[in-house]
Amino acid sequence: MERTDEEVLKDYLSGNDEKAAQMIFFRYKTRILNFCLRMLGNRADAEDVTADVFLAVFDRKYAYAAGAKFSTWAYTVARNRCISQIRKRKNLVSVWFSSQGSEGHEEWEQEDPQDIAGRQLEKKEEAALVRQAVRQLPYEQREAVVLREYHQLSYEEISQILNCSLEKVKVLIFRGRERLRAELSSLIKEEER
């Protein structure tokens with residue numbers, strides 16, 4: 001039976017398990033990186049912030065309140081680091097180039113290569129439109145929507161991470177989804193055909 005995050009962290013804090021920190025890192029590195037990437041919009045900043053998050057989590061391990069859910073605490077640290085990065089960025093001018101590389105595995109089938117290329121291009125374009133629409137959401141709505149839709153956190157967990165009421169979280173997510181629905185309405189209509 002796999003230990004919970006809280007049990008692993010307890011072992012880390014008590015010094016009983018030397019590999020506990022490594023377990024926590026491997027359980028959360030991708031989730032935290034994806035959260036930071038969606039909040040910041042570029043990989044370099046997201047990787048830097050993710051590293052800072054884990055340094056803070058392990059450096060300030062005693063700030064963790066026993067009994068609290070570890071994931072909520074980790075996302076709160078990540079959120080605060082993203083906000084700090086955005087504040088720093090306001091004083092900078094930067095140019096980012098992104099390359100579109102595929103890192104997933106694909107199943108081999110005998111199909112017309114033009115059909116495959118067309119569908120892949122279509123999916124990439126759709127994904128880019130969705131990312132663009134999410135980036136255009138007001139910051140609080142973006143935070144709430146990303147935590148709910150991409151990280152499947154509960155409304156209660158999001159409320160704790162954003163340090164706001166449960167009702168505000170519900171409103172932020174509802175308004176964010178409505179904005180996305182309006183922004184992506186042409187995409188939604190095409191899929192219904």
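Candidates Lys88, Lys124: the one that is assigned by TED's automatic domain parsing to the domain that holds Arg27, modelled with pLDDT under 85 and either assigned to a helix (DSSP H, G or I) or surrounded by 12 or more Cβ atoms within 10 Å (Cβ to Cβ) (or both) is Lys88. Among the residues of segment 26-41, just one is more than 12 Å from the chain's Cα centre (by Cα) and either surrounded by fewer than 15 Cβ atoms within 10 Å (Cβ to Cβ) or at positive phi (or both), namely Phe26.
So which residues in segment 5-48 are without any contact (Cβ under 8 Å) to a residue 12 or more places away in the chain and either over 26 Å from Arg142 (Cα atoms) or in contact with a strand residue (DSSP E or B) (Cβ under 9 Å, 6 or more places away or on another chain) (or both)? Passing the criteria: Glu7, Asp11, Ser14, Gly15, Asn16, Asp17, Glu18, Lys19, Gln22.
Note on segment 127-137: residues that are at pLDDT 85 or above and in contact with a helix residue (DSSP H, G or I) (Cβ under 8 Å, 6 or more places away or on another chain) amount to 5.
Pick from segment 144-190 the residues that are of a type in the set (S, T, N, Q) and in a loop (DSSP other than H, G, I, E, B): which of them is modelled with the lowest pLDDT? Break it down into steps so the answer makes sense when it comes.
Within segment 144-190, the subset of a type in the set (S, T, N, Q) is 152, 154, 159-160, 163, 165, 185-186.
Now narrow it down to the ones that are in a loop (DSSP other than H, G, I, E, B): 152, 154, 163, 165.
Numbers: Gln152: 89, Ser154: 92, Asn163: 92, Ser165: 94.
Across segment 144-190, the extreme among qualifying residues is Gln152.
Here the condition is being buried (at least 16 other Cβ atoms within 10 Å of the Cβ), under 30 Å from Val134 (Cβ atoms) and not assigned by TED's automatic domain parsing to the domain that holds Arg131; of Ala78, Ala44, it holds for Ala78 alone.
The values are calculated or read from the model by the stated rules, or taken from the named source; none is laboratory data. Just so it is clear, the structure is predicted and the values come from calculations on it, not from any experiment. Methodologically, a virtual Cβ is constructed for each residue, glycine included, from the backbone with ideal geometry; neighbour enumeration extends over all protein chains shown.
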